[in-house]
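**Student:** The structure under discussion is supplied below as structure tokens; questions concerning it will follow.
The values are calculated or read from the model by the stated rules, or taken from the named source; none is laboratory data. What you are looking at is a predicted structure, and each value in this text was computed from that prediction instead of being measured. With ideal geometry, Cβ positions are generated from the backbone for all residues, glycine too; neighbour counts draw on all protein chains shown.
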Amino acid sequence: MNEPELIVEPATPADLSAVLELLARVELPAEGVAEFIESFIVARDAAAGGRIVGCVGLERHGETALLRSAAVAPEAQGTGLGLCLTAALLDRARAAGVREVVLLTTTARDFFARKFDFAEAPRADYDARLAASPEWRLLRCASAVCMKLEL
Ligand SMILES: CC(C)(COP(=O)(O)OP(=O)(O)OC[C@H]1O[C@@H](n2cnc3c(N)ncnc32)[C@H](O)[C@@H]1OP(=O)(O)O)[C@@H](O)C(=O)NCCC(=O)NCCS
């Protein structure tokens, strides 16, 4: 197998099915991905025909944004790609004038806390601001930890 040649860049609508496939592999929800696909960042492996091996998305709701769908293909996990994608997304959000980034997680609390200084926050604080978010409303996320980061 060739060494991966990773390119991290904004997604396009043409990436939707590959992003959904990746999310299914790591058991993350598909709801709302289509409507926010152009606010996703993807990692492509140029050595594998541009195959998408990582993604992360941002749903913007005014000055608050929901970071969602952080996913790295199982065979590429643990190589720094999740860090790279998340850092790129936060830089992009900051440049676009987002003031606060919120996320829900059941599996990666320490990743966001240790590497990016996200702190736990009461979920109810954001129910009004993120009411339009399909991911936020998902029942299966009801037990997830809510975290926030001021940019
Ligand atoms: C969470 C995820 C995106 C991280 O991506 P990754 O490329 O595997 O992570 P990286 O290689 O960039 O990890 C960098 C560091 O974070 C740590 N880390 C990775 N995943 C972690 C997790 N779930 N919880 C805590 N720490 C984690 C690594 O141990 C590493 O620490 P180190 O630098 O001290 O050695 C990836 O593992 C994934 O897709 N998981 C399944 C889907 C998921 O749970 N997504 C989160 C939804 S909110």
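**Student:** Mind checking which pairs have a first residue in segment 4-30 that is over 20 Å from ALA108 (Cβ atoms) and a second that is among the polar types (S, T, N, Q) and loosely packed, with under 12 Cβ neighbours inside 10 Å, Cβ under 9 Å, 6 or more apart or different chains?
**Tutor:** none
**Student:** When residues of segment 73-119 are filtered for being touching a residue at least 24 places away in the same chain (Cβ under 8 Å), near the ligand (Cβ under 7 Å from one of its atoms) and part of a loop (DSSP other than H, G, I, E, B), how many remain?
**Tutor:** Matching residues across segment 73-119 total 1.
**Student:** Considering (1) surrounded by fewer than 14 Cβ atoms within 10 Å (Cβ to Cβ); (2) in a strand (DSSP E or B), say which one ALA70 fails and leave the rest.
**Tutor:** Among (1) surrounded by fewer than 14 Cβ atoms within 10 Å (Cβ to Cβ); (2) in a strand (DSSP E or B), ALA70 violates only (1).
**Student:** What about ALA131, is it within 21 Å of GLU31 (Cβ to Cβ), more than 10 Å from the ligand (Cβ to nearest atom) and loosely packed, with under 14 Cβ neighbours inside 10 Å?
**Tutor:** Judged against the criteria, ALA131 is a match.
**Student:** Here is a list of conditions, (1) within 15 Å of the ligand (Cβ to nearest atom); (2) touching a helix residue (DSSP H, G or I) at 6+ places or on another chain (Cβ under 7 Å), and ARG60 meets all of them except one; can you say which number that is?
**Tutor:** With respect to (1) within 15 Å of the ligand (Cβ to nearest atom); (2) touching a helix residue (DSSP H, G or I) at 6+ places or on another chain (Cβ under 7 Å), ARG60 is out only on (1).
**Student:** What is the residue count in segment 29-67 for residues that are small (Gly, Ala, Ser) and surrounded by 16 or more Cβ atoms within 10 Å (Cβ to Cβ)? Give the steps one after another, and end with the answer.
**Tutor:** Looking only at segment 29-67, we keep the residues that are small (Gly, Ala, Ser), and these are 30, 32, 34, 39, 43, 46-50, 54, 57, 62, 65.
Next cut, surrounded by 16 or more Cβ atoms within 10 Å (Cβ to Cβ) only: 32, 39, 43, 54, 57, 65.
So the count comes out to 6.
**Student:** Which of the residues that make up segment 134-143 are surrounded by 16 or more Cβ atoms within 10 Å (Cβ to Cβ) and either away from the ligand (no atom under 11 Å from the Cβ) or modelled with pLDDT of 90 or more (or both)?
**Tutor:** First, pick out the residues of segment 134-143 that are surrounded by 16 or more Cβ atoms within 10 Å (Cβ to Cβ): 134-136, 141.
PRO134, TRP136 - these are the residues of segment 134-143 that are surrounded by 16 or more Cβ atoms within 10 Å (Cβ to Cβ) and either away from the ligand (no atom under 11 Å from the Cβ) or modelled with pLDDT of 90 or more (or both).
**Student:** Follow-up question, since we're still on this one. Condition first: under 26 Å from VAL98 (Cα atoms), small (Gly, Ala, Ser) and modelled with pLDDT under 95. Now tell me which residues in segment 31-77 satisfy that.
**Tutor:** If the condition is that a residue be under 26 Å from VAL98 (Cα atoms), small (Gly, Ala, Ser) and modelled with pLDDT under 95, then GLY32, GLY62 are the ones that fit.
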